[in-house]
Structure formats: C-alpha cells, structure tokens
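Data block below; observations after.
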C-alpha cells in the first residue's frame, strides 16, 4: 500500500502532487499493483476525489476538522501518520515542495524512520533504493530505505504527470486525527506575496531562456527577451545579473533563486557556477551559448554553441521568424 500527501488549491490538485502520484503508480506496478491512497488536509476543492481517481488513487483520506483550516506542519504530519495507519501503507510519499518536505520530515520523525528528500527515481524494491538530488541538485545520490514505512518526497518535475490507463475508485473518506496543543502551537495565519517576489511562472515553465554576465549590461537583454517571447517561455538570469541590478531578483535561477526543471533551458552568457547549476540541473535539455568553450555550463550542456550571445541569439530569432513565415 502507498499513501501520498497531496497538496491542493482552489483550482484543484497541485501539479507536483500529480507528478508524485504518477511516480507512485510506477512504484505500485513494480510492486505487483498495490493500491494507492492519498491524504488531503484542510479545505479541499470540489471534485478532488474524482481528479485523483483519474490518476489511479483508490481512496482519499480527508482531514477536514476546524483545526486544519490553517496550515500547521505538525498537525498535517499527524494527519499523514493517521492516514498511513488507516491504510496500512508501507510507502509514504509527497511532492518535494517546501511544504511537502516539511510535512514528511515531521511524519518520518513521528514514525521513527529516515526520510529521503527530492527523489527523482527508484531502483530495486528489495532492497528499496531511490535516487535523489543532493547539493542543491548539483549531484545525484543513491539512498537505501531499509526501514518501513519508506518515506520520501519527489523532486518537482522529475516525472511528467499522466492519468492512469484505468481510473481507480476515488472514494472520499473522512479521516479522524488526534491532535495535541503542541501540534497547533505554530500555524500559518496569513500569506502575502508581493509582486516583486512573483517568479512569473519560472519554476513551472517548460522553456526557459537564461542570461548572465555575457549580456554586458542592463541594455543587453533585448535578444534573449525576444527569444523568450518567440518560444513562449520564461526568462531566467544568473545571480550576478541581479546583484548588478540589471534584472529583478524574481528572475534569478540558482541556489538562492528559483529552481527550474524545464524541457529546454537555453543559458546565454552564463558560465555555470555551482550555485547556478543547483537551480537548473534538472533541466531535460540544455542548449548553452557562450564564448568560453571550457565554461562549466558548456561542458555540462546537452548542446553547446561557442559564440557571442549578441550574435548567436539574434540569428536564432531571425531563423525562427523565417520558418514561421
């Protein structure tokens, strides 16, 4: 049995949670088709059971008492443990979001087992081995989860969310959870995001065009902005660009910025320091453009173009326009 902690919003199940359920389905198939349950904590959108049923979830355990109206990491972990006990699960999973990592870390502590964060795939089942991102995504590590239940989070965009070939029952079942005053000592009472902190969809973008010091100054982004618009992607920049004030911080990709996992990443004039690589290592395809053939980004890229971004990028833009015409 597998249970997945699912995050929701008013629009429905979050994308990373759907990705996690998709990986859970692969794990289920490898284990002989064991059922998959989900746990939803707090107010849930209408139709959440039907949405998850399409992805192969048998039962949605819903903890919807008044105490769950405001998010509490400890209380949510208690609900996850309760769902695990109700379902008899030997695997507990969640998306590798800030909230998912916090909740499962607390749940693992309650269960007395280790937790693996930011898993991208799994290997053998006996012993159960997972591969996860470490050092800010700059490296991969194999970790053996010998204790039960196995508890781990799944890195964002490690898998593509896909509905099941055959939907599951998707029944909604109330979940009773015993909480202590300590579980409710710390709660989120309000959330406010300023417009300058909005990443403009950078984290979820399927195409990202990056720019670094090679832009040369605040006026050197015309070509990459045009390429971003032509491809329908998002613009991401390196830390040095924001430090120099050339572009706003919400566009920064890296260890202290956004971590991205696009289908295609096109870093232009970015050397690829470890801090930046930590934010883009999960990109499926990287097309790097740089004058330095030995730059770290060029040596790690899927494809590399050696040249000045101010010459190469306009040429790419012109070719895209020509072909579309």
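The values are calculated or read from the model by the stated rules, or taken from the named source; none is laboratory data. Bear in mind the structure is a predicted one, so any value in this text is a computation, not a measurement. Methodologically, a virtual Cβ is constructed for each residue, glycine included, from the backbone with ideal geometry; neighbour enumeration extends over all protein chains shown.
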>> Being part of a helix (DSSP H, G or I), at negative phi and either in contact (Cβ under 8 Å) with a residue 60 or more places away in the chain or assigned by TED's automatic domain parsing to the domain that holds residue 203 (or both): is that true of residue 316 here?
In response: yes
> Which condition number does residue 102 fail, the rest of (1) at negative phi; (2) touching a residue at least 12 places away in the same chain (Cβ under 8 Å); (3) out of contact with any strand residue (DSSP E or B) (no Cβ under 7 Å at 6 or more places or on another chain); (4) not in a helix (DSSP H, G or I) being met?
Replying inline: (4)
> Which members of segment 27-51 meet the condition of being in contact (Cβ under 8 Å) with a residue 24 or more places away in the chain, out of contact with any helix residue (DSSP H, G or I) (no Cβ under 7 Å at 6 or more places or on another chain) and not in a loop (DSSP other than H, G, I, E, B)?
Replying inline: 27, 28, 30, 48, 49, 50, 51
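Of 241, 186, which residue is modelled with pLDDT under 95, crowded, with 17+ Cβ neighbours inside 10 Å and over 24 Å from the mean Cα position of the chain (by Cα)? So that I can check it myself, show each step before the final result.
On the way: 186 fails: crowded, with 17+ Cβ neighbours inside 10 Å.
The unique qualifying residue is 241.
Name the one entry in 109, 153, 76, 97 that is over 15 Å from residue 38 (Cα atoms) and under 22 Å from the mean Cα position of the chain (by Cα). Talk me through it step by step, then tell me what you get.
Numbers: 109 fails: under 22 Å from the mean Cα position of the chain (by Cα); 153 fails: over 15 Å from residue 38 (Cα atoms); 76 fails: over 15 Å from residue 38 (Cα atoms).
That would be 97, the only listed residue that is over 15 Å from residue 38 (Cα atoms) and under 22 Å from the mean Cα position of the chain (by Cα).
So if I check each of 165, 155, which one is surrounded by fewer than 19 Cβ atoms within 10 Å (Cβ to Cβ) and not assigned by TED's automatic domain parsing to the domain that holds residue 310? Break it down into steps so the answer makes sense when it comes.
On the way: 155 fails: surrounded by fewer than 19 Cβ atoms within 10 Å (Cβ to Cβ).
Of the residues listed, the single one that is surrounded by fewer than 19 Cβ atoms within 10 Å (Cβ to Cβ) and not assigned by TED's automatic domain parsing to the domain that holds residue 310 is 165.
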>> Testing residue 322 on (1) closer than 15 Å to residue 227 by Cβ; (2) surrounded by 14 or more Cβ atoms within 10 Å (Cβ to Cβ), one condition comes back false. Which one is that?
In response: (2)
